[in-house]
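The values are calculated or read from the model by the stated rules, or taken from the named source; none is laboratory data. Since the structure is predicted, the reported quantities are computational estimates derived from the model, not experimental observations. Ideal geometry is used to build each Cβ from the backbone, glycine not excepted, and the neighbour counts take in all protein chains shown.
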Amino acid sequence: MNELGIIGLVLVAVTFLVSYKGFKDPVYFDRHLFRVKDILYRRQYQRLLSSGFLHVGWVHLLLNVATFYCFSGSLEASVGYGNFLLIYFASLLGGNLFSLLLHRHDAQYSAVGASGAISGLVFASIALYPDMGVGLFDFYLPGWLYGLLYVVYSAYGISARRDNIGHDAHLGGGLVGLLVVVALEPALLLTNYLAIGAIVGPTLVFLYLLLKNPAAGALGSFFSAAPGYQSLDDRYHSQQQQQQAHLDALLDKINRKGFDSLSAREKQELKELSRWWK
């Protein structure tokens, strides 16, 4: 794990600037986040990329930057500037396209964050260096085992829906990052095939099951929830849709009458409603 390279520094700087503007300007935030209805029905495809530079708050931003710092330097040095950018943006786009596929029937679904792109960097690094240590303090896991556990955790998160984290973008972005680095360096299939197989195999099995029976993933029946059961997370998503409708109403008022037409209470509501976690 090395220091940030030139491209890494540029990406971090741009992400900080865009995220900070999003913190201060809810309208800007709303204009660039990932939201299914805007991408599918309004054809605002730029959101597939722009949402990757927004974050819901400083904690979200700093966690992503810390992970980026841990994995980007050595990867950029290994594959070069152009290939590093290719892995990053392919992973960002791949993760968001996977989210779009899974949530295509939920027009109000929205998310922000660079996690899909960063997951791609993590998986690409593991494909290159499967024995690299991943962890904190004195506890480390070999890279291939960390990648396998990450796949299992993401699969559980997608199916069980017990938190407000975009596990689908993480898993999709991670898989795309790994596949891109393998395409760039096919010899990895001969030298690191066990580590690559340990990650790709379970991922493809889960994706096949999910795409074959999308309702199972939506209900979490791969792991625990039974058909017809409304979990706390189901109720959370119902509440989120109601909040999204209220947010849309506030934004429509801004578009018609301007931001200053909002009351102090409406401005506070706008600030609170313009927060999502990915």
### Message
Can you name every one of the helices (runs of 4 or more DSSP H) wholly within segment 1-96 that holds 3 or more residues which are buried (at least 21 other Cβ atoms within 10 Å of the Cβ)?
### Response
6-24, 26-32, 58-79
### Query
Which members of segment 21-53 meet the condition of being closer than 21 Å to residue 170 by Cα and among the β-branched types (Val, Ile, Thr)?
36, 39
### Query
Has segment 223-239 got at least one residue that is surrounded by fewer than 12 Cβ atoms within 10 Å (Cβ to Cβ), over 20 Å from residue 108 (Cα atoms) and at pLDDT 75 or above?
no
#### Entry: Odd one out for residue 48 among (1) closer than 23 Å to residue 21 by Cα; (2) more than 12 Å from the chain's Cα centre (by Cα)
(2)
### Query
Given the conditions (1) touching a helix residue (DSSP H, G or I) at 6+ places or on another chain (Cβ under 6 Å); (2) of a type outside the set (Ser, Thr, Tyr); (3) modelled with pLDDT of 85 or more, which single one is not true for residue 171?
(3)
#### Entry: Failed criterion for residue 105 (all others in (1) touching a residue at least 40 places away in the same chain (Cβ under 8 Å); (2) outside any helix (DSSP H, G or I); (3) closer than 30 Å to residue 269 by Cβ; (4) more than 16 Å from the chain's Cα centre (by Cα) hold)
(1)
### Residues (buried (at least 24 other Cβ atoms within 10 Å of the Cβ) and not small (Gly, Ala, Ser)) located in segment 103-120
112, 118
#### Entry: Matching residues in segment 35-67 - criterion: being among the small types (Gly, Ala, Ser), in contact (Cβ under 8 Å) with a residue 60 or more places away in the chain and within 20 Å of residue 122 (Cα to Cα)
51, 52
### Task
State whether the residues of segment 138-157 include one that is assigned to a loop (DSSP other than H, G, I, E, B) and either among the basic types (Lys, Arg) or modelled with pLDDT under 85 (or both).
yes
